[in-house]
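The values are calculated or read from the model by the stated rules, or taken from the named source; none is laboratory data. Remember, it's a predicted structure, so these values are computed and weren't measured experimentally. As a convention, Cβ positions derive from the backbone with ideal geometry for all residues, glycine included, and neighbour counts pool all protein chains shown. Remember, those area values only see protein heavy atoms, side chains included, never the ligands or the DNA or RNA. Shrake-Rupley method; radii C 1.70, N 1.55, O 1.52, S 1.80 Å.
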Amino acid sequence: MTKHQVEVITSVERRRRWSREEKERLVAATFEPDASVSEIARSAGIHTGQLFRWRKQLCQISEPPTPQFVPVDVVAALPAPDPVETAVLPRPRKKASMVTIELGRGRRLRVESDIDPEALGRILDVVERR
């Protein structure tokens with residue numbers, strides 16, 4: 001006959017509650033020189049992520065609350081500013097493409113696609129005379 005050891009669990013393990021002082025003690029230990037967070041967590045029986053979460057919670061510096069209302073001084077209406085001449089700025093050009101015009105006798109004329117038609121006509125008149 002063989003004997004086997006059997007473990008009987010009679011209660012449910014509950015979540016451990018840590019006091020603020022215990023948390024502060026463990027977090028303070030992580031800031032000491034040559035301290036290893038994983039070793040400190042292992043010795044306390046907690047996961048390293050829990051210790052990092054406590055560090056974040058306990059070391060958080062709160063910003064001063066912003067007031068809901070800000071004092072405002074009401075003054076008489078200011079005179080309208082003088083009209084300023086607005087300069088007409090040229091519209092930014094789209095990237096123009098090049099157009100090649102075959103003139104014959106081996107001559108070619110390359111112009112940008114957004115050239116003024118009247119200017120192109122004058123150029124072609126000059127080229128035809130040559």
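Among the residues of the stretch 29-40, none qualifies, meaning not one is at pLDDT below 80, open to solvent by 100 Å² or more (accessible area, probe 1.4 Å) and either over 30 Å from SER113 (Cα atoms) or out of contact with any Cys (no Cβ under 8 Å at 6 or more places or on another chain) (or both).
Is one or more of the residues making up the stretch 63-78 part of a strand (DSSP E or B), of a type in the set (Asp, Glu), modelled with pLDDT of 75 or more and open to solvent by 100 Å² or more (accessible area, probe 1.4 Å)? Outline the logic, then answer.
Here is the first cut: in the stretch 63-78, the ones part of a strand (DSSP E or B) are none.
No: the stretch 63-78 contains no residue that is part of a strand (DSSP E or B), of a type in the set (Asp, Glu), modelled with pLDDT of 75 or more and open to solvent by 100 Å² or more (accessible area, probe 1.4 Å).
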